[in-house]
Structure formats: structure tokens, C-alpha cells
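Readers should treat all values here as calculations from the given coordinates under stated rules, not as data from a laboratory. Just so we're clear, the structure is a prediction, and the values are computed from it rather than from any experiment. Here the Cβ positions follow ideal geometry from the backbone for every residue, glycine too, while neighbour counts run over all protein chains shown.
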Amino acid sequence: MLYFFCRHLRPFLSYMWPFSTKKTVTVPLFLTNTLSGSKDQFLPLVAGRATLYSCGPTVYGPQHIGNLRAAVFADTVARALKAAGYQLRRVINITDVGHLVGDGDEGEDKMAVGARAEKTTPEEIANRYATRYLDDIKALNLDLSDIHFPRATEYITQQIEMIKTLEMKGLTYKTSDGIYFDTELFPSYGTLGNQKEVVQQAGTRVSTEGKKNPRDFALWRFAGPTDLQKWDSPWGEGNPGWSIECSAMSRALLGETIDVHTGGQDHISVHHNNEIAQSEGASGRPFVRYWLHNAFLTIEGAKISKSVGNVHTLSEVIERGFHPLALRYFFLQAHYRTPLSFSWEALKAAETGLEGLWKTARDIKKKSRGKASSSPYAIELRSIFLDDLATPQVLAALFKALGDDDLTIEQKWGLLTEADALLGLSLMEPPQDAHIGLEDLPEAVQTMYRERVEAKKQKDYARADELRIHIENSGYRVEDTASGPLFTRLER
Ligand code: AMP
Ligand code: ZN
């Protein structure tokens with residue numbers, strides 16, 4: 001009861017209470033912390049400020065929509081911290097060296113794999129796909145205003161320095177192929193996500209010659225004859241292990257202890273436990289106060305991943321005629337800790353929902369002339385959002401409030417302003433309806449459409465399908481709905 005009062009009613013009442021001395025309403029933020037295993041109230045290290053580090057893309061190819069779920073999740077966390085009143089400093093790293101195909105110490109460097117596949121250099125591959133990643137996250141309306149995007153190759157010196165510190169503290173040892181972290185000397189290794197046993201079990205299947213313990217991991221690898229990326233170091237030419245970049249870059253840009261660290265669930269067992277061991281081993285201080293992890297985007301039960309071969313990209317989503325924000329809306333319809341199953345039908349349903357919301361927003365914007373006023377609903381939306389980023393519930397509450405006849409049109413516009421800051425769905429500038437009439441199509445496309453109608457009448461479905469593809473290749477999509485044909489201009 002007391003819990004309910006504190007979490008939901010207190011901020012709401014402090015808003016309503018006419019004699020409240022508070023000018024702005026502060027709503028507490030609660031986050032599910034993988035470290036504690038519970039939902040904890042967020043309290044920053046330094047009052048009024050928060051630091052956020054998110055594991056970013058390995059730029060050896062285009063990011064798939066699963067990776068983009070992690071990016072939208074990191075953005076949602078940032079929006080929550082801002083909505084809770086914190087000034088934010090944040091980092092998303094760009095991995096352009098060190099991430100091996102096996103996610104641990106096995107296999108080739110992903111950058112080398114990408115470079116070979118596209119017959120070019122790792123640098124060229126990194127530039128190409130870092131740019132593409134930035135384009136993707138812009139299209140998904142991530143708030144980029146305060147993000148640093150450091151690249152691992154720009155922080156080799158800091159990585160070497162950190163390995164030297166670990167070496168000085170006696171936490172490393174040398175094998176024939178590199179410098180390893182000795183997890184035996186870091187007793188809490190594996191604590192994050194309670195991975196002790198899992199890591200050990202995984203370890204027993206993997207054995208790298210010279211490793212004392214299968215779960216020990218490489219900090220520095222000696223260069224082999226085929227390595228495309230290598231740097232000088234106190235241990236000879238080589239390249240960094242994957243996880244050391246996150247430890248070194250977060251320390252360089254955000255300090256020894258950071259407030260929040262995000263990433264996908266797949267990173268808990270190895271990458272994030274390694275980051276903790278390195279950072280805490282080097283500094284002797286806690287590394288991260290709140291670890292947050294998003295669940296997977298799946299297709300038919302399988303995690304979307306390049307190795308499974310079930311990937312789709314944002315370009316593909318756009319080529320199929322979807323607005324990129326339909327994908328963002330699709331992600332937000334599920335809680336970040338719930339696995340989400342992707343299908344084109346489900347994305348279509350999300351797009352229909354978003355277009356309905358945009359239509360309402362266009363209408364309210366026009367009638368209110370963009371004038372906003374406050375309402376208790378706005379604080380309610382924020383309280384729901386700040387309760388562990390409950391985005392599906394925020395959307396439900398928003399729809400309910402927009403349908404409330406007791407609200408003035410200005411209050412509804414105020415509500416959309418609040419919702420947009422939390423969700424980033426372009427509600428302030430709802431895009432014009434992409435759907436158009438037959439008469440808006442170019443003459444040639446109209447002819448193709450009429451021919452298609454005829455083909456369907458004759459039950460020549462193969463020809464009808466062929467014509468649909470021709471229409472799509474001309475930049476338009478036609479769908480047969482219960483209320484007649486629906487034409488959409490495809491974004492290019
Ligand atoms: P990577 O480029 O492999 O380092 O991944 C970038 C981010 O995407 C990491 O935070 C991963 O945990 C996350 N990620 C990878 N696959 C998925 C997926 N299918 N669903 C959600 N997040 C994912
Ligand atoms: Zn990382």
C-alpha cells in the first residue's frame with residue numbers, strides 16, 4: 001500500500017495539490033538492475049547528473065533490427081533519465097577491432113571477416129558501417145544531442161594503459177598467444193546475472209592452450225601473420241581483446257564509476273562480466289551502479305543474429321514501404337525485458353497503430369494551434385514511464401487520455417508533447433499521411449494497376465503478382481484492403 005502510494009500517487013498528488021511548494025514535479029525513476037536482480041530506485045552518484053554507457057555496434061556489416069532494438073532501448077533509458085530531471089552524459093562505443101566471431105576468445109576478428117567479404121580494409125569497412133549505423137539511428141529518431149561515439153581503435157593507448165595497471169596489480173598472465181585476465185584472482189567474477197556456473201560450464205567446452213582457467217579472457221592478443229589490425233605495445237605487436245575497449249573508453253569519457261550501463265542480454269555472461277573484472281580490477285572501485293539489459297528480438301523463436309542467418313535491416317524495412325518509426329513503435333509496444341517476436345505482419349499492425357496516432361496528433365495540433373497546457377495525465381504518463389520504462393502502458397494510457405472528452409484540446413496537445421519527449425515518435429511533427437489516391441499515381445503506374453485489377457478478375461494471380469512487383473519497382477505499393485485498394489509512396 002505504502003509502496004503504491006510512493007510510486008504512483010505521491011507524484012500525482014503533489015501535482016494536484018494547490019499549496020504544493022514544489023514548482024516542478026520530480027517523479028522517482030525505477031529500473032530493473034541485473035546486478036541486484038531487482039527493481040531499484042535510481043539514485044545517481046552525483047546529485048542531478050547521470051552517466052550512461054551503452055554497448056554499441058560492431059561495424060563489420062549493417063546492424064540488424066535486433067541490434068536496433070538495443071539502440072532504441074538505450075535511447076529509452078536516456079529519455080527516462082532526462083525525464084527524471086538528470087543532466088546526462090552518455091557514450092555509445094563503436095567496435096572496430098577485437099570482437100571475435102565467437103564473442104569470446106575464439107574465431108577470427110569480425111572486422112577481418114567483413115573486410116575480406118567486401119574485398120577492402122577494416123578501416124574502410126568501419127567507416128562504411130559506422131556511417132550506416134548513424135543513419136539508422138537518426139531514422140529511428142534517437143536523441144543524439146549528448147552522445148559520444150568513440151571508436152575502439154582511437155583508444156588503443158588507454159586500453160594498453162589499463163592492461164598495464166592490471167599487470168602491475170598481478171591480475172594478468174602471459175600465454176603463447178597473449179595477455180590474459182586471471183579470473184581466479186577476481187573472486188566476484190561472474191556475479192552479474194549470477195553467471196558463475198554458466199561461465200564455468202561454457203568454459204569447460206573451450207580450451208585455449210596456456211589458459212589457466214577456461215573462463216579467463218584475453219586482454220591483448222599477439223599479432224599473427226594474417227592479422228590486418230595491429231599496434232605496438234609493451235608486449236609486442238598485437239591487438240586488444242574485445243571487452244577492454246568498453247572498460248577503457250567508459251573510464252576515459254565518463255569516469256571510473258558510471259551510473260547506468262546498457263546492452264543486450266547476450267552480453268551479460270561474458271562481455272559485461274569481463275568489463276566488471278577489468279574496470280574494478282584496475283580501479284578498485286565499483287564500475288557500474290545499474291546494469292540494464294534488453295531482451296532479444298526473435299523470429300520464429302530464434303534470436304535474430306547474423307550467425308543464424310535470419311537478419312533483416314532497417315533499409316529492408318524502408319524498402320518494403322514502412323516508415324522507420326513504425327519499427328520504433330513496434331519495439332515500444334513491448335516491454336524491453338520481454339522477448340519480442342518479429343514478423344512483417346506484426347510490423348504492419350504497428351504501423352497502422354502509429355498512423356492512427358499521427359492522424360490524431362495532426363488533428364489536435366491543428367485545432368490547438370500548437371498551444372499546450374498541463375493536465376494530471378501528463379504526470380501520470382511520466383510516472384508510468386519511469387516505472388522501469390513501461391512503454392506499452394504509456395501508450396495505453398496515452399490512447400485513453402486522448403479519448404477523454406473532459407480534456408481540452410490544449411491539454412491534449414500538452415499530453416502529446418510529454419509523450420513525444422518520452423517515446424520519440426515524432427508526435428509533434430506527425431509526418432503527412434504516406435497513403436495516396438489512384439489519381440496521385442503516375443500515368444504508367446495507374447495503367448499497371450488497372451491491368452492488375454483485370455488480371456485478378458481473370459484469376460491470373462501470377463500476372464497480378466508480377467504487376468504488383470512492377471508497381472513496387474516504380475516506387476509505390478498497392479494493398480487490397482476490405483475498404484478498397486490502398487496506395488503508398490515508398491520512401492527511397
Ligand atoms: P553487436 O554489434 O553484436 O556488438 O551488438 C550490438 C548490440 O545489439 C548489443 O547490445 C547486443 O547485445 C544487441 N543485440 C544483438 N542481437 C540482438 C537481438 N536479436 N535482439 C536484441 N538485441 C540484440
Ligand atoms: Zn561493451
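Against the main long axis of the alpha-carbon atoms of the chain, helix 461-473 sits at an angle near 70°. Bridge orientation summary for the chain: considering DSSP beta bridges with both residues in this region, about 55 percent are antiparallel. Each of the peptides 246-252, 399-405 was scored by the mean count of other Cβ atoms within 10 Å over its residues; in descending order, highest first, they stand as 246-252, 399-405. Cross-link partners of K371 among aspartates and glutamates, defined as those whose alpha carbon lies under 19 angstrom from its own and excluding same-chain residues fewer than eight positions apart: D363, D404, D405, D406, E410, E418, D420, E429.
Of the cross-linked pairs K110/K212; K348/K459; K82/K138; K306/K359, those separated by over 29 Å at the C-alpha level are K306/K359. Phi angles of segment 185-194 translate, via the Karplus equation with coefficients 6.51, -1.76, 1.60 and θ = phi - 60°, into HN-Hα couplings of 8, 10, x, 8, 4, x, 5, 5, x, 6 Hz per residue; Gly and Pro are given as x.
Sorting V27, V308 by the number of Cβ atoms found within 10 Å of their own Cβ, with the fewest placed first, yields V308, V27.
Would you mind classifying segment 302-423 by shape? Square roots of the alpha carbon gyration tensor eigenvalues, ordered a ≥ b ≥ c; an a/c under 1.5 is rounded, otherwise it is prolate if a/b is larger than b/c and oblate if not. Prolate, since a/c reaches 1.5 and a/b exceeds b/c.
For W220, the residues whose amide H sits under 5 Å from its own are I179, G241, ignoring neighbours fewer than 5 places away on the same chain, with H placed 1.01 Å from N. Counted by neighbouring Cβ atoms within 10 Å, the residues V478, V97 run from fewest to most as V478, V97.
In degrees between 0 and 90, to the nearest 10, how far off the longest principal axis of the chain does helix 244-254 point, with axes built from Cα atoms? With both axes taken from Cα atoms, the answer is about 70 degrees. As a rough guide to protection, the peptides 456-467, 162-173, 64-75, 138-149 ranked by mean Cβ packing within 10 Å, highest first, stand as 64-75, 162-173, 138-149, 456-467. When peptides 83-95, 366-378 are sorted by average Cβ neighbour count within 10 Å, with the highest value leading, the order is 83-95, 366-378. Using the Karplus relation 6.51 cos²θ - 1.76 cosθ + 1.60 with θ = phi - 60°, the per-residue 3J(HN,Hα) values for segment 72-80 come to 5, 4, 4, 5, 5, 4, 4, 5, 5 Hz, with x marking Gly and Pro.
Applying the Karplus relation 6.51 cos²θ - 1.76 cosθ + 1.60 with θ = phi - 60° to segment 144-153 yields 3J(HN,Hα) values of 9, 4, 10, 9, 8, 10, x, 9, 4, 5 Hz, where x marks Gly and Pro. What does the helix-only formula give at 222 nm for the chain: each DSSP H stretch with n ≥ 4 adding -39500 (n - 2.57), the total divided by the residues, and the result rounded to the nearest 500 deg cm²/dmol? After summing the helix terms and dividing by residue count, I get -13000 deg cm²/dmol. Model label sites at K39 and E316, defined 7 Å from Cα along the beta-carbon direction, differ in position by 3.5 nm.
Across segment 435-489, Cα-Cα pairs farther apart than 13 Å form 55% of the total.
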